[in-house]
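Chemist: First, the structure itself, so that you have it in front of you.
The values are calculated or read from the model by the stated rules, or taken from the named source; none is laboratory data. Fair warning: this is a prediction, and the values are worked out from it, not measured in the lab. Note: ideal-geometry Cβ built from the backbone for every residue, glycine included; neighbour counts use all protein chains shown.
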Amino acid sequence: MLRWFIVFLMFAFPAAAEEVVLGLSKDEVAITTSFNGSDILIFGAVKRDKPIPDGDPLEVIVTISGPSEPVTVRRKEKRLGIWVNIDSVEIDRAPSFYAVATSAPLRDVLNDVEDLRYKISVPRAIRSVGAPMGIKDAAAFTQAIIRIRTNSDTYQLLENQVTVDAQTLFQTSVQLPAALTEGDYITRIFLTRSGKVVSSYETSIDVRKVGLERWLFTMSRENSMLYGLMSLAIAIAAGWGASAIFRIFRF
Amino acid sequence: MQIYLPIAEISVNAFMLLGLGGIVGILSGMFGVGGGFLMTPLLFFIGIPPAVAVATEANQIVASSFSGVLAHFKRKTVDLKMGTVLLIGGLVGAALGVVVFNYLKAQGQVDLLVKLCYVIFLGVIGGLMFIESLNAIRKTAKGGKPSTRKKHNWIHGLPFKMRFRVSGLYISVIPPLIVGVLVGILAAIMGVGGGFIMVPAMIYLLGMPTKVVVGTSLFQIIFVTAFTTMLHATTNFTVDIVLAVLLLVGGVFGAQIGARIGVKMKAEQLRIWLAIMVLAVCGKLALDLLIMPTELYSIAAGGH
């Protein structure tokens, strides 16, 4: 009886056969005054208690996703000779940053069903529930957000950028751009075989403004009156200072 | 050297901002304008979000106007009474302007409004100034006398008259109040001090003597832009202090240098160059509105 139960378990949870052991070059990104983007190295190994299975080789997908927020996408149209925002569509959730790195072309390592389930590819990572009545081509708005953010390197599709050694060791690196918002950057690793996810692992990278940046940002939100007065004081002091310096030296 | 701006949330080159501040400062010192009408569009071009550019620029104008007004106080060319009347109008206008700005931001039309304001005002003022200074140059070339302004017009028939001793005027307070309100609205929406509108209005509408115009306009601009800065800082959280510091360090020094260059140039030449510059900025912004953009879609944070 017990023997059958173990066999049942093995069929029911095949994912447990191969697991990810992960390393990150850093699990914190500090946005300082001189912050100009950051490279993150993601590396790891596959732990398994059985020999490597036959069939298709093991593939690895790594995703890094910034904090999601609702956004409004607007489209310009020509009215009275000038280009004006007319239609707008609200996207319920769009990550502020999203990178997908794969060990082979994404189409080959992941099938559609699994993509839908785990929301791995860029279009799946964006959630758009419904467009307002009267806008027939709502998909164009989702495509637009992907296009714009891909051009600014905030959405990255890095196919063939994960190197896998002997189906066991893998590594990749992702470049975080300079224009980065704060938050928890969810990092996910998927191991796939024949397009199916066999194991996944999730951790997060903490991206925070620190020091002066943190102080100023917090102050501008929580103590905006004082922040405004400070801005004015600096302006007045600089204006007075410059005229005083020029008066002293009589240029 | 790259610097990450905490409010704009982008990384920019610090030396570029210092240089930008310096160049605009020199121009503003030469021509006696705040320079906001040049700086704000330049900030758009380098990718600062428009809302942040407008709010931060208001803060920078406080610095350059304060630097300028000190010199005018020493020469006693500030009409405090007229400045206060303009200021009362200006504060009302600034409050209205921020309300309009916030409403249009929610509608997604704020970029359009700011750009349209720029195109219209820069176009009209640049054009008028260009024609006027061209005529002046032609007249001096012929050796004729510069035309004198009419001293009396319909404005002198309005009630609530008041005496402005420094300006040597006895006029109704209504026109200065209206001028103040209009400039206040523009200051809030466009992120400018409004000097380039205020100065012609004071000379041609109110009939103030040219020598007190610049100082008085600077005096009231300080308070209006300071008020605008506070409104933007407390309602929109869009004043980026790091950006402001970089711009105003370049700006205040540039302004002092510019003022010294300006003294050495002929008035008509100065005006015609200012007019050309104003028209160039106007032309660039107008083209952006008229030519089909390469990207029709734009992304804004947040839903409705």
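Chemist: Would you pick out the residues in the stretch A:1-24 that are at pLDDT 60 or above and surrounded by 14 or more Cβ atoms within 10 Å (Cβ to Cβ)?
Modeler: A:17, A:18, A:19, A:20, A:22, A:24
Chemist: Which of the numbered conditions does residue A:52 fail, given that it passes all the others? Conditions: (1) without any contact (Cβ under 8 Å) to a residue 60 or more places away in the chain; (2) aliphatic (A, V, I, L, M); (3) assigned to a loop (DSSP other than H, G, I, E, B).
Modeler: So residue A:52 meets the others, but not (1).
Chemist: Scanning the stretch A:25-47 for residues that are surrounded by fewer than 17 Cβ atoms within 10 Å (Cβ to Cβ) and in a strand (DSSP E or B), which turns out nearest to the other protein chains (Cβ to nearest Cβ)?
Modeler: This residue is A:30.
Chemist: Specify which of the listed residues (B:8, B:71) is out of contact with any Leu (no Cβ under 7 Å at 6 or more places or on another chain) and among the small types (Gly, Ala, Ser). Before the answer, list the steps.
Modeler: Working: B:8 fails: out of contact with any Leu (no Cβ under 7 Å at 6 or more places or on another chain).
Going through B:8, B:71 in turn, the sole match is B:71.
Chemist: I'd like to check something: does the stretch B:91-112 contain any residue that is within 27 Å of residue B:277 (Cα to Cα) and not in a helix (DSSP H, G or I)?
Modeler: Scanning the stretch B:91-112, I find at least one residue that is within 27 Å of residue B:277 (Cα to Cα) and not in a helix (DSSP H, G or I), so the answer is yes.
Chemist: Okay, next question. Write out, first by first residue and then by second, each pair whose Cβ atoms fall under 7 Å of each other, whose residues are 6+ apart or on separate chains, and whose first residue, in the stretch B:160-176, is assigned to a loop (DSSP other than H, G, I, E, B) while the second is among the aliphatic types (A, V, I, L, M).
Modeler: Taking only residues 6 or more apart or on different chains, the pairs are B:160/B:173; B:160/B:174; B:166/B:212; B:167/B:82; B:167/B:208; B:167/B:212; B:173/B:85; B:173/B:162.
Chemist: Just the residues that are out of contact with any helix residue (DSSP H, G or I) (no Cβ under 6 Å at 6 or more places or on another chain) and at pLDDT 90 or above, please, taken from the stretch A:93-102.
Modeler: A:97, A:99, A:100, A:101
Chemist: Let me ask something else about it. Mind checking whether some residue in the stretch A:200-213 is part of a helix (DSSP H, G or I), within 29 Å of residue A:25 (Cβ to Cβ), within 10 Å of chain B (Cβ to nearest Cβ) and touching a Lys or Arg at 6+ places or on another chain (Cβ under 6 Å)?
Modeler: no
Chemist: Quick one: is residue B:244 touching a residue at least 24 places away in the same chain (Cβ under 8 Å) and closer than 15 Å to residue B:64 by Cα?
Modeler: Taking the combined requirement at face value, the residue satisfies it.
Chemist: Same structure, new question: Being touching a strand residue (DSSP E or B) at 6+ places or on another chain (Cβ under 6 Å), farther than 30 Å from residue B:106 by Cα and among the basic types (Lys, Arg) narrows it down to one residue among A:76, A:47; which is it? Walk me through how you get there before you give the answer.
Modeler: Values: A:76 fails: farther than 30 Å from residue B:106 by Cα.
Criteria check complete, one pass: A:47.
Chemist: Just to be sure, is residue B:298 facing chain A (nearest Cβ under 8 Å) and either touching a strand residue (DSSP E or B) at 6+ places or on another chain (Cβ under 8 Å) or more than 26 Å from residue B:18 (Cβ to Cβ) (or both)? Even if it seems obvious, please write down each step before you answer.
Modeler: Working: facing chain A (nearest Cβ under 8 Å): yes; either touching a strand residue (DSSP E or B) at 6+ places or on another chain (Cβ under 8 Å) or more than 26 Å from residue B:18 (Cβ to Cβ) (or both): yes.
The answer is yes for residue B:298.
Chemist: Which ones in the stretch A:189-206 are of a type outside the set (S, T, N, Q), farther than 13 Å from residue A:164 by Cβ and in contact with a strand residue (DSSP E or B) (Cβ under 8 Å, 6 or more places away or on another chain)?
Modeler: Initial filter on the stretch A:189-206 (of a type outside the set (S, T, N, Q)): A:189-191, A:193, A:195-198, A:201-202, A:205-206.
Among the residues that remain, those that are also farther than 13 Å from residue A:164 by Cβ are: A:195-198, A:201-202, A:205-206.
Within the stretch A:189-206, A:197, A:198, A:201, A:202, A:205, A:206 meet the criteria.
Chemist: Hey, any hits in the stretch B:156-177 for a residue that's within 13 Å of chain A (Cβ to nearest Cβ) and crowded, with 24+ Cβ neighbours inside 10 Å?
Modeler: So in the stretch B:156-177, the residues within 13 Å of chain A (Cβ to nearest Cβ) come out as none.
No, the stretch B:156-177 has no match at all.
Chemist: Out of (1) of a type outside the set (A, V, I, L, M, F, W, C); (2) in contact (Cβ under 8 Å) with a residue 60 or more places away in the chain; (3) in a helix (DSSP H, G or I), what's the single condition that is false for residue B:77?
Modeler: (3)
Chemist: Here's another thing I want to ask about it. Of all residues in the stretch A:47-74, which are closer than 23 Å to residue A:205 by Cα and hydroxyl-bearing (Ser, Thr, Tyr)?
Modeler: Scanning the stretch A:47-74 gives A:63, A:65, A:68.
Chemist: Among what's in the stretch B:248-291 and is more than 14 Å from every other protein chain (Cβ to nearest Cβ) and part of a loop (DSSP other than H, G, I, E, B), pick the residue that is farthest from residue A:247 (Cα to Cα).
Modeler: B:266
Chemist: Limited to the stretch A:61-85, what total is found for residues that are without any contact (Cβ under 8 Å) to a residue 12 or more places away in the chain and more than 7 Å from chain B (Cβ to nearest Cβ)? Show your work before the answer.
Modeler: In the first step, residues of the stretch A:61-85 are kept if they are without any contact (Cβ under 8 Å) to a residue 12 or more places away in the chain; the result is A:76-85.
Restricting the remaining residues to those that are more than 7 Å from chain B (Cβ to nearest Cβ) gives A:77-80.
Summing the residues that are without any contact (Cβ under 8 Å) to a residue 12 or more places away in the chain and more than 7 Å from chain B (Cβ to nearest Cβ) in the stretch A:61-85 gives 4.
Chemist: Next question. Could you please find all residues in the stretch A:219-244 being more than 8 Å from chain B (Cβ to nearest Cβ) and modelled with pLDDT of 85 or more? Write out each step before concluding.
Modeler: Going residue by residue through the stretch A:219-244, those that are more than 8 Å from chain B (Cβ to nearest Cβ) are A:219, A:222-223, A:226, A:233, A:237, A:244.
Selection gives A:219, A:222, A:223, A:226, A:233, A:237.
Chemist: Another question about this same structure. Being within 11 Å of chain A (Cβ to nearest Cβ) and modelled with pLDDT of 80 or more is the filter here, so list the residues in the stretch B:10-46 that pass it.
Modeler: Initially, the stretch B:10-46 is screened for residues within 11 Å of chain A (Cβ to nearest Cβ), giving B:10-14, B:21, B:25, B:29.
Residues satisfying the conditions are B:10, B:11, B:12, B:13, B:14, B:21, B:25.
To keep it simple, each residue is scored yes or no on (1) assigned by TED's automatic domain parsing to the domain that holds residue A:165; (2) touching a residue at least 12 places away in the same chain (Cβ under 8 Å); (3) touching an Asp or Glu at 6+ places or on another chain (Cβ under 9 Å).
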position	(1), (2), (3)
A:91	yes, yes, no
A:94	yes, yes, yes
A:98	yes, yes, no
A:101	yes, yes, yes
A:108	yes, yes, yes
A:116	yes, no, no
A:120	yes, yes, yes
A:124	yes, no, yes
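Chemist: Now for a separate question. Just name the residue that is farthest from residue B:6 (Cα to Cα) out of those in the stretch A:183-199 that are within 17 Å of the chain's Cα centre (by Cα) and surrounded by 15 or more Cβ atoms within 10 Å (Cβ to Cβ).
Modeler: As a first pass, look at the stretch A:183-199 and keep what is within 17 Å of the chain's Cα centre (by Cα): A:183-190.
From the residues that got through so far, the ones that are surrounded by 15 or more Cβ atoms within 10 Å (Cβ to Cβ) too are A:183, A:185-190.
Working: A:183: 14, A:185: 19, A:186: 22, A:187: 25, A:188: 28, A:189: 31, A:190: 34 Å.
Filtering first and then ranking leaves A:190.
Chemist: Within the stretch B:110-134, how many residues turn out to be more than 13 Å from residue B:289 (Cα to Cα) and surrounded by fewer than 19 Cβ atoms within 10 Å (Cβ to Cβ)? If you could, list the steps in order and put the result at the bottom.
Modeler: So the first thing to find is which residues in the stretch B:110-134 are more than 13 Å from residue B:289 (Cα to Cα), and the list is B:110, B:121-134.
From the residues that got through so far, the ones that are surrounded by fewer than 19 Cβ atoms within 10 Å (Cβ to Cβ) too are B:123-124, B:127-128, B:130-132, B:134.
So the count comes out to 8.
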